[in-house]
Amino acid sequence: MDQVSTVSQTTGVPLAWFLAVGAILFCLGFIGVLTRRNVLVVFMSAELMMNAVNLTLIAFSASLNSMAGQNFVVFVVTIAAAEAAVGLAIIISMVRQKPTVDTTDMDLMQE
Amino acid sequence: MQDFFLNIVWLVLLLPLLAAVINLLFGRVLGAKAGWIATGLVFLAFLVAVGVFIDVLNRPGGAPFEYDVYTWIPSGDFKVDIAFLVDPLTAVMLMVVLGVGSVVHLYSNGYMADDDRPDKGIARFFTFLPFFIFSMLILVLSNNLLLLFVGWEAVGLSSYMLIGFWYNKKVASDAAKKAFIVNRIGDFGFELGIMLLFVNFSTMATDLRYTDIFKAATDMFNSNQPLLLGNMTIICLLLFMGAMGKSAQFPLHVWLPDAMEGPTPVSALIHAATMVTAGVYMVARLNPLFVMAPDALLVVAIIGTTTALLGATIALAQTDIKKVVAYSTISQLGYMFAGLGVGAWVAAIFHLVTHAFFKGLLFLGSGSVIHGMHHAGIHDPVESQDIRNMGQMRKRMPITFWTFLVASLANAGIIPFAGFWSKDEIIGGSILRGNWFVGGLLLFAAFLTALYMFRLVFVVFFGKDNVPKEAAKVFDGERVERTMPLLWIPLVLLAIPATIAGFLGFPPDMGWIHDFLSPVFAFATEHGKEIEAGFTQPTVLILVISTMVAIIGIFAAWLAYFRQTDMPATFSRLMPGLYNALLRKWYFDEFYQKIVVDGGKALAYGLWRFDQKVIDGAVNGVAGLMSRWGGRLRRLQTGFVQGYALAIGVGVLALVTYLFFILPKG
Amino acid sequence: MYQNMLDGFPILSIMVFLPVLTALVLLFVKYNEKADDGTRKRGGDTIRWIAAGGAAIDLVISVVALVLYIGKYFNSGVAQADSFDFQEYVPWLTDLKISYHLGADALALLLLVLTTLLTLISILVSWAPIQTRVREFYITILILQAGMMGVFVALDFFVFYIFWEVMLVPMALLIGIWGSSNRIYAAIKFFLYTLAGSLLMLVAIIALYFNSGTLDILALQQQGPGMAHDLQNWVFLAFAAAFAVKVPMWPVHTWLPDAHVEAPVAGSIILAGVLLKMGAYGFIRFALPITPAGAATFAPIMVGLSVIAVIYGAMVSVVQPDLKKLVAYSSVSHMGFVTLGLFTGIWLNQLGYDAGTQGVDGAIIVMLSHGLLTGGLFLCVGVIYNRLHSRRIADMGGMAKPMPRFAFLFGVMIFGSVGLPGFSGFIGEFLSMLGAFRANWVVGAITTLVIIVAAWYLLWMFQRVMFNKTVPAVRHFKDLDRIEMGSLIVLGALSLFVGVWAAPLLDMIQPISHALLATVSTASAHVPDIFAMLFTH
């Protein structure tokens, strides 16, 4: 096996496995975002999607021996944290306005 | 000690400016004292100017004195300084401006203090009056064209402020605005002229200094080189356009009569003695250029003559005492330009000087009469200036009468009063130089001058007593003049030069003033037509003829307005068209209102509508188009977030499929 | 070499970010908006004082910087007064070759002083009129100030573009929140119009980046003139789109009257005084030196548009019934002189004359002068509006009677704008017209007509506001308070100083215009004169 297809010499786990896990996680998250009505669950699913991408990035980073992917991940994690804080705050304030966590009921901007 | 005063010539400028600044800042606190501060400082400036004048007299050959202060506008090859030039012409102008200026300041203390209008604004008045003196001095002292333009516009500003002094009256503020804008029409030409001069002489006269311009122009003239752009005639005509505005020449004369809405001392100083002669000064100052453009000089002569006639005819029919004098001013300014145009340079300046004295006096005299009318209880500005409300003022205001008579005789050109010598020199100068037509028309204008002047004298001071009964009682009860020495002392002060100033130019064409001013016009005399000076046969003949003409004019006035007072009425009945044309000032105002003002406004409205409908319409049209399409596309936005997510997912899938599975196969 | 005692000291950054800092401080001031029981709202005055203090310190800093610059380049005999000083260079995104690069030359410093001065004045004159959302108002103004100053000192296109867009938002907010009745329309129009222009500029910046591989403005000024002629043309057009909207040139000027009419007084002062200068500054700093051949190609067209702007703006001003709209259209006319001067300078060069300096000098002076005088005019309009609550000229009359001091200072602003010699406006307009006249006498002659029209609309307005019968509504108006009077006196005095003694200012400007024209003349020697066939010189 050449350098590209293995994540590292030490573990010997092939890159494709990581990618597969990432893809599966991503799809799970995506399906969650699409199908669930509970806004908290939608939110968590979105986080899941992001982490799937993170996994993929790290995998590539290790396999390509470049730090660029990991740099991105650090940024994404940071932003995700901020986003979680802001997002949850928004959800809480919305719930205060209208006691529901169902996305279909959140139609303030709809005519 | 040599040239001591020349070296402190800046003081002449600074003193009136100081007066203006003091009165601007502290005028309200000072009250009536503001007037005395202004008068004192202007008089002080006059004393310094006398010193300057004496220094100039003592300079050998009238050599000009230049005084550089600092660089004003340096930009590339364009570099204009704040710098002054004192030569005989400047010295003469200094004397006129500050001499008449001091007297008018003195007079204003009386005239404005007793002002019965609600807003006295003494401080404002005595801020702008010395400021005017300052501006006028910049104009005459400048050694380059652009600094002259500064003074040129600054006198316009002070004129604007003083014409509109009683700003609550719409007529006054209208008149002020009209004066400024009409002047600006002239300035349009003036500025173009300056630029054209610069473009042509930029290599030699970067600073627009007169001396440099003259030198550059003379070099080109002598070597028969054509100019880079345009020619000297165009330059001179453009510059003359400025003079036409400032000096109220046909067809830009319309602002001057309206300017009479200002207080009378203002009319005397600005609109008779000094500011309106700025155009004459400018053309005289630039005489080497004009001499190179004989066609332009011809135009100057034609415009001058036309104006002389035009003013004189209109003055015949006016009933407002100040308007008559104003049209007389227009007419006399026409004489000056005619003089310049035919090449009688010194005569024109000579007439400028004498005219400043007698016309200033005429205005101050009218002011006294008006003030008397106010004093007698006639407060309406129109009524108190209407000569049909006057009569028999001779007995009521004797000092005013005698001085007014002196000024009228001077204006009409009766020997030996000041105006006789100067006006005759212009008429004689034109005829002797072969401009028969100009001379003849000016002679006819001289007849009209005597006629309208003595119409005024007879109607106001003699004739039927038309003063309303109430007012007459006040007049007869006390000698109005006695109560206001400030109003008659200045009259006497001006009456002296109005009588004797003519001897500055005695004998004709070889008097003191000719000698004094000859260095200024050296180039012009060299290239113009020489005429024999002194009491030569033709000169004496012309003197006699013009005296006869003036006497006939006075006689006609006597006949029509003293002896057979129904004559004017008969005339207006027989020739209503002509009479109305004169009364309505040959319909100039109506014409300009219709064509220029209304036309301009219509154009402006059109452009505004264009701006709103077409240009902004296009902008709003684009915006409208966007929002219409946006409205249609909006329906895709259901607001159901998961729907969007699905769309994104499907899109990504499609893209990936395309990129990785369809595209590589190709 | 003369050493600057501030070498290495980030005076420009401090100047730019001090307003941001002040705005941050304002966030923490205790302020209660809803205490509307007739008493003064708590905290409002603290906010005003802090904002004014910050702006005042900034003014002092900018003046100090200007004085230091003058000291360095003019008293020490160093001739290169067109060079940038106070430079700060910090690599930022090295992969993209983006760096935080600031620097200022005489032109930038003059505009910085103008900006800090006008900002301070707008903060002061908003003291009483702004009573709602006070905190937000001052934060908005301070952020706006930071944006404007950033534009003047940025020497990297990335930094420049950030500041350029930062400036847009607070201005739109000023109009949209504190404006009068039709404010939303005006704010959106202003925002979209300017944004549309600046997006094209972004395209130009990206094109330059791909062509030269750098975003550094000084480097681009070196490399730009060597670019292919076609590329220069396109880049110039894209730049011109952004800057022409900002100036505003005819026919992309219609956002201006709307924005001015709706904006609060402070907004109008800054809009007229500084924001309009951005366009002209952009031409001088970017469009002309980087794409000189492009500028030379389009110079005749730009001159044509400028002449139209000058005359058209003045003519349309004549019939405006709204005071603010009148001044706004007069701005179009005055700013026309700026572009006229600039492009006639270029044009002259292209025609082979080494004499374009008057036009460029005139343009720069008109920029500064317009900031002072039109800023002052808008302040005067504000003075009236705060008392009368109307901007309709028909509602006014005889105001000189209750407000003589105001009448005088208003008169100063009016006559300054008319172009009376002795004020800065004359110097700029005359030089600009002289440049135009030298380039093409027809253009010069047509432009000169404006001195008649300017007198017409301004004096007519002055008469209807100040003179004639005093209408009852204005009879009991209070004369100017100390703030209003002080501001107007400062503006008028500066204009008068420049008008009476233009040499110091011109000495500072001339090296810039010389350098600019030198760049253009070497780069545009082969550019054909597309108008030579129409007007023969």
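Taken as Cα centroids, segment B:581-650 and segment B:261-300 sit 47 Å apart, rounded to the nearest whole angstrom. Put simply, the convex hull of the Cα atoms in chain C casts, on average, a shadow of 23.7 nm². Near the amide H of C:ASP85, under 5 Å away, which other amide H atoms are found, from residues 5 or more places off or on another chain, if H is placed in the peptide plane? Answer set, sorted by chain and number: C:ALA104, C:ASP105. Dimensions of chain B along the principal axes, based on C-alpha atoms and rounded to the nearest Å, stand at 118, 69, 56, largest first. Set against the 2.2 N^0.38 Å expectation for a compact globular protein, segment C:165-302 has a Cα radius of gyration ratio of 1.12. Placing unit charges on the Cβ atoms only, positive for Lys and Arg and negative for Asp and Glu, gives the protein assembly as shown a dipole magnitude near 3680 debye about its Cα centre. Dividing the convex hull volume of the alpha carbon atoms of the protein assembly as shown by its residue count gives 219 Å³ per residue.
In chain B, a dipole from Cβ-located charges (positive for Lys and Arg, negative for Asp and Glu) runs towards its positive end, and of B:THR449, B:LEU655, B:SER366 it is B:LEU655 whose Cα lies farthest in that direction. Relative to the 2.2 N^0.38 Å rule of thumb, segment C:96-136 has a C-alpha radius of gyration ratio of 1.80. Quick note on segment C:254-332: its Rg to Rh ratio, both from C-alpha atoms and Rh being the Kirkwood radius, is 1.05.
The mean number of partner chain beta-carbon atoms within 10 angstrom of a residue's beta-carbon across peptide C:413-423 is 4. Taking one quarter of the surface of the C-alpha convex hull of segment B:428-523 gives a mean projected area of 9.9 nm².
Only lysines eight or more places from B:LYS33 in sequence, or on another chain, were considered; those with a Cα closer than 16 Å are B:LYS120. Averaged over peptide B:64-77, the number of partner chain Cβ atoms lying within 10 Å of each residue's Cβ comes to 6. Averaged over peptide B:166-173, the number of partner chain Cβ atoms lying within 10 Å of each residue's Cβ comes to 6. Annotation for segment B:371-390 versus segment B:422-496: alpha-carbon center distance of 18 Å. Segment C:160-203 and segment C:278-322 have Cα centres separated by 20 Å. Antiparallel beta bridges, as assigned by DSSP with both residues in the protein assembly as shown, represent about 95 percent of the total such bridges. Near B:LEU146, once Lys and Arg are set to +1 and Asp and Glu to -1 for all other residues with Cβ below 14 Å from its Cβ, the sum equals -4.
Averaging 1/r over each pair of different alpha-carbon atoms in segment C:197-257 and inverting the result gives 12.2 Å, the Kirkwood hydrodynamic radius.
Computed per residue of the protein assembly as shown from DSSP H runs no shorter than four, each worth -39500 (n - 2.57), the mean residue ellipticity at 222 nm is -23000 deg cm²/dmol.
Calculation over all alpha carbon pairs of segment B:605-666 in 10 angstrom steps from 0 returns a P(r) of 18, 21, 20, 19, 14, 8, 2 percent.
One quarter of the convex hull surface built on the alpha carbon atoms of segment B:297-385 amounts to 5.7 nm², the projected area averaged over directions. In terms of its C-alpha gyration tensor, segment C:301-392 comes out oblate, because a/c is 1.5 or above while a/b does not outweigh b/c. Shown here is the pair-distance distribution of chain A: with all Cα-Cα distances grouped in 10 Å bins from zero up to the longest one, the shares run 14, 33, 28, 15, 8, 2 percent.
Legend: helices of chain C (whole DSSP H runs) are marked when their alpha-carbon atoms reach 27 angstrom or more along the helix axis and their mean Kyte-Doolittle hydropathy is at least -1.0; marked are C:44-70, C:106-125, C:134-153, C:157-178, C:183-212, C:292-318, C:323-350, C:357-388, C:503-523. A viscosity of 1.002 mPa s and a temperature of 20 °C, combined with the Kirkwood radius over Cα pairs in Stokes-Einstein, give a translational diffusion coefficient for segment C:403-464 of 172 µm²/s. Pairs with C-alpha atoms separated by more than 29 Å, drawn from the list B:LYS170/B:LYS601; C:LYS72/C:LYS277; B:LYS246/C:LYS246; B:LYS169/C:LYS325, are B:LYS246/C:LYS246. Each peptide in B:162-172, C:163-173 receives the mean, over its residues, of other Cβ atoms within 10 Å, and ordering these scores from highest gives B:162-172, C:163-173.
Each peptide among B:570-579, C:499-508, B:537-546 gets the average number of other Cβ atoms lying within 10 Å of its residues, and from highest to lowest they stand as C:499-508, B:537-546, B:570-579.
Read-outs throughout are calculated quantities, based only on the coordinates presented, and are distinct from any laboratory measurement. Remember, predicted model here, so these are calculated numbers, not experimental data. Positions of Cβ are generated from backbone atoms using ideal geometry, with glycine treated the same way; all protein chains shown enter the neighbour counts.
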